[in-house]
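I have placed the structure first, in the form of structure tokens, so that the comments after it can refer back to it.
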Amino acid sequence: MKALTWRILGVLVLGVVTWLLTRSWETTTMITVLFHVTQVVLYYFHERLWDRADWGLKKREELTEKEKEKVMERLRKLGYLD
């Protein structure tokens, strides 16, 4: 929800600023839509590239059986498991 409201705010701000500068609804619509579609596409590929990066990440170790049991017990106490 946070990302959606942020995107809506961005569309509105860019739309208002563009309309104030151009006074053209057609130009405002074209610029606003083009900008935000481009942003979504670039964000998608940006995330895919970062998913491939492994530097700076700590290597995950497998939990021992005792650690797994402790996690399961805690989840039961919290009501997440029956």
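The values are calculated or read from the model by the stated rules, or taken from the named source; none is laboratory data. Since this is a predicted model, take the numbers as computed values, not measurements. No Cβ is skipped: glycine too gets one built from the backbone with ideal geometry, and neighbour counts run over all protein chains shown.
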Answer yes if at least one residue in the range 34-42 is at pLDDT 95 or above and surrounded by 11 or more Cβ atoms within 10 Å (Cβ to Cβ), and no otherwise.
yes
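May I ask you to list the residues in the range 53-79 that are assigned to a loop (DSSP other than H, G, I, E, B) and among the acidic types (Asp, Glu)?
Passing the criteria: 54, 61, 62.
Under the condition of being charged (D, E, K, R) and not in a loop (DSSP other than H, G, I, E, B), which residue from the range 7-29 is farthest from the chain's Cα centre (by Cα)? Talk me through it step by step, then tell me what you get.
Applying the first criterion (charged (D, E, K, R)) to the range 7-29 yields 7, 23, 26.
Among the residues that remain, those that are also not in a loop (DSSP other than H, G, I, E, B) are: 7, 26.
Details: 7: 11, 26: 29 Å.
By that ranking, first place goes to 26.
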For the range 39-64 the number of residues that are closer than 17 Å to residue 8 by Cβ and not aromatic (Phe, Trp, Tyr) is 2
